[in-house]
Each structure stands twice: as C-alpha cells, then as structure tokens.
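Report on one structure; see the data block that follows.
The values are calculated or read from the model by the stated rules, or taken from the named source; none is laboratory data. These numbers come from a predicted model, not from an experiment. A quick note on method: Cβ atoms are made from the backbone with ideal geometry, for glycine too, and the neighbour counts reach across all protein chains shown. Ligands, DNA and RNA are stripped out before the accessible areas are found, and what is left, the full protein with its side chains, is counted by its heavy atoms. Shrake-Rupley method; radii C 1.70, N 1.55, O 1.52, S 1.80 Å.
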Amino acid sequence: MTHWFHRNPLKATAPVPFNFYGVATTPAAAKICNDLRLSRTRLLELFTDLSCNPEMMKNATDLYFSLLQGFILSLDGSSQECKLRYIQNFKWTDTLQGHVPSAQQDAVFELVSMGFNVALWYTKYASRLAGKEDITEDEAKDVHRSLKIAAGIFKHLKESHIPKLITPVEKGRDLEARLIDSYIIQCQAEAQEVTIARAIELKHNPGLIAALAYETANFYQKADQTLSSLDPAYAGKWRKYLNLKTCFYMAYAYCYHGQTLLASDKCGEAIRSLQESEKFFAKAEALCKEYGETKGPGTTAKPSGHLFFRKLGTLIKNTLEKCQRENGFIYFQKVPAEAPQLELKANYGLVEPVPFEFPAPNAHWTPETLNAFDLTKRPKDDTAKPKPDEEVKPLKEPDIKPQKDSGCQIS
C-alpha cells in the first residue's frame, strides 16, 4: 500500500577515505583500509538503490561491519579496547534535525550510525514492497520480516552498543533513547498491521482481530508518548502519523469488538461499541488531514486515500446498521451511555523483534595485520578534527511514485 507508512529521511554522512599513510605499514594493512573505503561506499550506494534486496543488503553490511569490527574489538576475545578505535573521525546527520552533522572520532559511533541506517533501509524496503500493486503472500511475509529485522537492529544498538560511546548522546538526536525506542515500537506496530490485514483476509475470529488491533493501537500510542517531550518543530509530523494510526486501530478494535458482542447476543453493547468505532474513525480522518498539512521531515503517507482505510469506514457503517436493525426487531436492549472498556489481550500474532548481532571481525584481521598499524607514525597536526557545523549532503532517496491502489489488505 503506497504511502501507507510514514518514513523519516535516511541519515547522511561525510565520505571517509580511511587513508592512513605511514600508519598502515604493510600491504595487508593497506588492503584493509582500501576494503573499508570501498565497502562503505558500496553500502551507502545500496541505501538508495531500488534494485537492492535484503540478501544484497546483508552481504554488504556483513562485509563492511566485519572490517570495521577490527577497529573496535580485541582480536584475542578479551575486553581490551582496540588501539585503532579513535584513529578516524566520522560525521553523521540525524533523521529529524537537518543536515548539520554530529561528529565523533570513534569507530563505535560509525558502527551504531551505519547500523541505524541499515535498520531504516529495512523499514523503507518494507514500505516500498507493501506499495506494490499486486503484493503476493510471500512479499507480505517479506514486509513483516523486514520490519521485525529493523526492530531487532534498533534494539541491539540501544542495548549493546550505544552505551559504549565515550561522548554522551545529544538530546533529541537519533541515538537518544526516546527516538530509538519510538523507532522500535513503530516497527513492531507496522509489522502487526500486516498480521491484522492477514487475519481479516482469512476471516479469523473477530475477537482475535479486535485484540490485535487494540494492541497495535497501544503500540502507536506508546511510540507517540515517547516522542512527546521532543521539539514539535521536528517531531510534530511524525507524532501526527502515530496519532492517526492510534485512532485508526482503535476504530478497528471497537468495530470487531462490536461484532464479538453481537455474536454473544449483547446487541445494546455492540451498538455502543460501533458508535465508539465511528468516533475514532472520524478522528483518524481528521488527523489524516492535519498530518498532511503539518510540516516536518520525512515522506507524507496518505492513508485516508487507501481502500484499506476506506473499507473500515464502510464496515463500521454496515455493522452498526445491522446491529441497530437486529436490536429493533429482536433484542430491544438499551444502549449503554458509556463505551465498553477494551481489556483485550491477543494470544497470537504479537510481534517481537528478530534478534540481531554484528558479524565477527573479518578473516583479514590477524594479530600481524593489527600490529602493522603503527600509531606513532600519525601526523602530529591532525587535520581530521571534528567540524560539527559543516553540512553533509543528504542522501538522494528514490522518489516512489504512487501506484494504483488494488485494495489489497496488506497494510
């Protein structure tokens, strides 16, 4: 479903030559530097290559990260810090805060920043795939898996690598807990959207669909609350998207909960549940307009134009009319003033991130190769000092044109 997901821009970075003339004293050491430069350039190219698939991305990331790990990890497996960790300066922009980069002379900063972009690529790949006109079941599974992989990468960075940074993470930047948590939760919520669409298509139990929709709405609400203390100037648009998805899936939850109540002969409560669903759907429609008018980073999703969105409005209307007819002919039950409390728990279909680990150091890293880097040969006048105010050109992301909406229910 093209334009169903909101996506923030990729992080941009300054070129890194890995030119350690004099320091890399053997051909083997020089080759590692050359391989690092080439594999980094290749990985950055793949981020904006429409023909790139997960296998290509995994091969490219495994190569680059395995080479970079030689700058971070001790080759003997000890916890001792590698002598090369602080030899190179790296600059990265943020997904939300424009083109002025953060700069750190730390290979761990490069590891987590590039890893962050890899996770973003998986979310964008999922969004592109979900936007195809005739998405197959296998492609829907790829969307689902890609979002879980992205969540796993974000989670691994947060738990295992960002805490190792020497320079504290700046507030409101990508690597700060509030932002990375929101990315994790959004990935889980979007993966559950695929599960919900599948459950609806296969006509699963309305109780299960209501519970999944309720859990998904709670995910979106949690992601929004996590961003609530950030500056609206750059987080406002993202939050509008999270708000509208919260309302949309609350509408789904109340709609399918109403079907469950009707099947249990609780027609009055079913009517009240459907009325609540109508309210949330109307709020989601209003938020779609507000979201489209809000300025901020990222692509603009257009969920209100989708058949998946419009079908829910029709379903709510038809189900409510059915309940009212049944109540007028059969049940004659009073419609409660208060909406039913949703205390729904899904026992199936909940999404957990796919565990992620960075690769071990490349086989070219040997004790001899590491010893061939002579830090005493570094020039005394280090011209690679960080320049935080220097702009880095944004990555030119492919413009994805909307395709004809087929009405496929993979969200």
Review point. Expressed as an acute angle from 0 to 90° and rounded to the nearest 10, what is the orientation of the C-alpha long axis of helix 232-263 relative to the principal long axis of the chain?
Key: 40 degrees
Check your understanding: So how much accessible area does E278 have, in Å² to the nearest 10, using a 1.4 Å probe?
Key -> 90 Å²
Review point. For segment 205-229, list residues with backbone N below 14 Å from a point placed 7 Å from the Cα of R178 toward its Cβ?
Key: 223-229
Point to revise | Cβ charges +1 (Lys, Arg) and -1 (Asp, Glu), total dipole of the chain, debye | key: 580 debye
Check your understanding: Top mean-square fluctuation among V112, V100, V23, Gaussian network model of the chain, C-alpha springs under 10 Å?
Key -> V23
Exercise for review: Quickly rank 11-18, 115-122 as a protection proxy: mean count of other C-beta atoms within 10 Å, highest first.
Suggested key: 115-122, 11-18
Review point. For segment 246-322 and segment 115-161, what is the separation of their Cα centres, given in Å?
Key: 26 Å
Exercise for review: For the chain, set up a Gaussian network in which alpha carbons nearer than 10 Å are linked by springs, and say which option among K302, K266, K155 fluctuates the most.
Suggested key: K266
Exercise for review: Hey, for a label at E137 modelled as a point 7 Å past Cα toward Cβ, could you say which residues of segment 180-202 have their backbone N under 13 Å away?
Suggested key: 198-199, 201-202
**Study point:** Peptides ranked, highest mean first, by Cβ atoms within 10 Å: ranges 147-153, 69-75, 267-273
**Key:** 147-153, 267-273, 69-75
Check your understanding: Okay, which of segment 165-202 sit inside 20 Å, backbone N to the point 7 Å along the Cα-Cβ direction of L350?
Key -> 181-200
Check your understanding: Can you flag which of K91/K132; K132/K279; K141/K317; K124/K158; K124/K279 are past 28 Å Cα-Cα?
Key -> K91/K132; K132/K279; K141/K317; K124/K279
Point to revise | Rh (Kirkwood; distinct C-alpha pairs) - the chain, Å | key: 23.3 Å
Check your understanding: For segment 351-367 and segment 23-77, what is the separation of their C-alpha centers, rounded to whole Å?
Key -> 12 Å
Study note, to complete from the structure: Here Rg/Rh (Cα, Kirkwood) for segment 131-190 equals 1.14
